[in-house]
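One structure is given below, encoded as structure tokens.
The values are calculated or read from the model by the stated rules, or taken from the named source; none is laboratory data. Please read all numbers here as calculations on a predicted model, not as lab measurements. Every residue, glycine as well, gets a Cβ built from its backbone with ideal geometry; the counts of neighbours run over all protein chains shown. Note: accessible area is taken over every heavy atom of the protein model, side chains too, but ligands, DNA and RNA are not part of it. Shrake-Rupley method; radii C 1.70, N 1.55, O 1.52, S 1.80 Å.
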Amino acid sequence: MTTINKHDFIESIADALQFISYYHPEDYIRSLTEAWEREESPAAKDAMTQILVNSRMCAEGHRPICQDTGGVVVFLKIGMDVSWETDQTVDEMVNTAVSKAYSHPDNVLRASMVADPLGARKNTGDNTPAVVHTELVAGDKVEIKLAAKGGGSENKARFTVLNPSSSLVDWVLDIVPTLGAGWCPPGMLGIGVGGTAEKAMILAKESLMEHIDIHELQARGPTNRKEELRLELFEKVNALGIGAQGLGGLTTVLDVKINDFPTHAASLPVALIPNCAATRHVEFTLDGSGPAVLTPPSMDVWPDITYEADDASIPVNIDTVTREEIANWKPGDRLLLSGNLLTGRDAAHKRIQELLDKGEPLPDGVDFENRFIYYVGPVDPVGDEVVGPAGPTTSTRMDKYTDMMLGKTGLVGMVGKAERGPAAREAIKKHGATYLMAVGGAAYLVAKAIKASRMVAFEDLGMEAIREFEVKDMPVTVAVDSHGESVHESGPKEWRIKIGKLPIAE
């Protein structure tokens, strides 16, 4: 009988969570590099360049790949011959490890979990609790798979129960375009089929822990129906032309995973969960001999590239830019922002609206007149950093506030991740404003453009507080121009036509 002691279990999980915060899995780096080499869309290639350069920077600097360091998901397979040397339950030990990992002084990770989700939504402060799935199996070892899953991709999870005679492929091809780019492609799709509703979702989530092997499957050919569907979906999802960050291009997914389970004869439960460009997962086994030892990827795995803005990028001083200049920007234009940028996301916008609805003034120092706002919740700085990794959050969550912000505060522009919905685009057109997109999955690279940071208001909101960043040459793309035209509509449509494997819907 194997004995697993508390220290080894906690240290292994805590070390693993730190490890995946700054190391992409090697298979992801190799696969993304291959996609980057093949990519023909300049906008998508630029986005992938930023993601790859950011990935290497994080590996070298041991800082988070993304500012959203995720909710922790753990799959445990515990051998029935294992005994424990501990005064805590398994879940308690996992949460002790999470708390330890997320408060590591050399690499503080952002706490994103909130308690009382239907009420106060107060941050738990240490990113606990984790979501733990435990299975008792034969044997005398403990197998651990864990991931840190960001909110942008998790929010795009979908579930349905199909008629048994319906097409899985058709459903996926209908659903994926509706997800937008908030899940930060290129990534993976995890699909769970069968069982019951909750089983299908768990199957989909666990499939995302698997290694990328679609090219090996293409080379050897399918041996069963599941593998046939993986290949068909891989080709057809990429033929949608969505591309990196939704800008239009050849690669939307690097792999498609399918896990299945027997189901009721009358049912076909199907779950779909995407994984983002900040793919973070690892697996290891404890056998009682000590804590897990994790081996970092070799630096030779990353391509020898740097990120430099091209000559077409337009320098913009956001402290002096006029609405007339903004009106000349077109969807897809690449800009380099310099000047002072206010920040704010969900909680700050909600509080601003409440103040305005009550006729109360905004806090001292909060003046959005002719300013830009950046939708971001940064990681706390360490050492001599001005700010920790500070990539954009999904902008559609702020759509409901867009008309209010543009009409009542004098705001002229917004910076965030992915597309905007119809209401937000209409508000942008109505007020002659603009929306700019920064690359999700390049948080550490973006943070290097931030030269100063100060707290402005709502400090109690933690990472959601309003700050002011001084930025220098921050790379962004015009996603919605002052006429309401969106690159997230024009780009994928253009590349779907160029790829030419799927019909174009009117």
Checklist entry - Of the numbered conditions (1) in contact (Cβ under 8 Å) with a residue 40 or more places away in the chain; (2) closer than 25 Å to L109 by Cβ; (3) not charged (D, E, K, R); (4) not in a helix (DSSP H, G or I), V478 satisfies every one except a single condition; which is it? => result (2)
Checklist entry - Could you list, in sequence order, the residues of segment 340-380 that are in contact (Cβ under 8 Å) with a residue 40 or more places away in the chain, among the small types (G, A, S) and open to solvent by 10 Å² or more (accessible area, probe 1.4 Å)? => result A347, G365
Checklist entry - Are any residues in segment 466-503 surrounded by 20 or more Cβ atoms within 10 Å (Cβ to Cβ), within 22 Å of Q50 (Cβ to Cβ) and in contact with a Gly (Cβ under 7 Å, 6 or more places away or on another chain), and if so, which ones? => result V471, T477, V478, V487, H488, G491, P492, W495
Checklist outcome for this item: Checking A200, A120, A115 in turn, the sole residue that is buried (at least 21 other Cβ atoms within 10 Å of the Cβ) and either over 23 Å from A442 (Cα atoms) or not aliphatic (A, V, I, L, M) (or both) turns out to be A200
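Taking the residues in segment 123-135 that are in contact with a helix residue (DSSP H, G or I) (Cβ under 7 Å, 6 or more places away or on another chain) and in a strand (DSSP E or B) as candidates, determine which candidate is most open to solvent (accessible area, probe 1.4 Å).
That would be T134.
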Item to check | Unique match (being open to solvent by 80 Å² or more (accessible area, probe 1.4 Å) and either in contact with a Pro (Cβ under 9 Å, 6 or more places away or on another chain) or more than 17 Å from F19 (Cβ to Cβ) (or both)) among A138, A157 | outcome: A138
Checklist outcome for this item: Within segment 152-172, of all residues that are more than 26 Å from the chain's Cα centre (by Cα) and small (G, A, S), the one farthest from T69 (Cα to Cα) is S165
Next on the checklist: Is it the case, given these coordinates, that R230 is closer than 20 Å to D27 by Cα, open to solvent by 10 Å² or more (accessible area, probe 1.4 Å) and free of Cβ contacts under 8 Å to residues at least 24 places away in the same chain?
Outcome noted: no
